[in-house]
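Taking it in order: structure first as structure tokens, then the write-up.
None of the figures in this text is laboratory data; all of them are computed from the coordinates on show. Every value quoted in this text rests on a predicted model; they were computed, and no experiment measured them. Please note: Cβ atoms are built from the backbone with ideal geometry, for glycine as well, and neighbour counts cover all protein chains shown.
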Amino acid sequence: MSDWVHIVDQRSPRRWTGWTVLITLVVFFGVIFAVNGAMIYAALSTLTGTDTDSAYQAGLQYEQEVAEAQAQDARHWRVDAKLTPSAAGERVDLSARDAGGRPLAGMDAAVTFERPTDRRLDRSVALVEDAAGRFHGSAALAAGQWDLVIELTHGGAQMFRSKNRVVLK
């Protein structure tokens, strides 16, 4: 004789009725819709997905920007920016000189830190002119990658513009 005992389950299997199938499907798809809704909300609240406000207007301005860049290159100006940590955040020291090395007098300078991933985090820096062609300002910025945009204007006309990627620690 064998020592093995065969036990038979006396319970009857659970039956699937129409209501059971309906409730299972409703719960299954309800979970799918809830997760999709949460993912859509997270995606739209963190990144807008647009790089420019109007691609059409940006295209119309392209030729003008090319002409301005060529005029800027012909001037041979030297504009240097130095970033140093300070109590108020990042200190920006800007020096602007013409092709002969003389300071650029009578210019208005503007510096903007643009976050490459989210335009809502962009920060403008108020610059103060120390001497002819020398400016400084400070901005509280988070660590990470930023685009440093420097613009020099004279009488409302843009004379110089540069955009450089910087990494703040």
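Any chance the range 89-98 includes a residue that's of a type in the set (K, R), out of contact with any Gly (no Cβ under 7 Å at 6 or more places or on another chain) and touching a residue at least 24 places away in the same chain (Cβ under 8 Å)? Explain how you work it out, then say what you get.
Restricting attention to the range 89-98, the residues satisfying the condition of being of a type in the set (K, R) are 91, 97.
Now narrow it down to the ones that are out of contact with any Gly (no Cβ under 7 Å at 6 or more places or on another chain): 91.
Okay, now just the ones that are also touching a residue at least 24 places away in the same chain (Cβ under 8 Å), so 91.
Taking every residue of the range 89-98 in turn, at least one turns out to be of a type in the set (K, R), out of contact with any Gly (no Cβ under 7 Å at 6 or more places or on another chain) and touching a residue at least 24 places away in the same chain (Cβ under 8 Å).
When every residue of the range 101-119 is checked against the conditions, none turns out to be over 21 Å from D51 (Cβ atoms) and in contact (Cβ under 8 Å) with a residue 60 or more places away in the chain. Among residues of the range 135-147 being surrounded by 14 or more Cβ atoms within 10 Å (Cβ to Cβ) and under 12 Å from the mean Cα position of the chain (by Cα), the one that is farthest from G89 (Cα to Cα) is D147.
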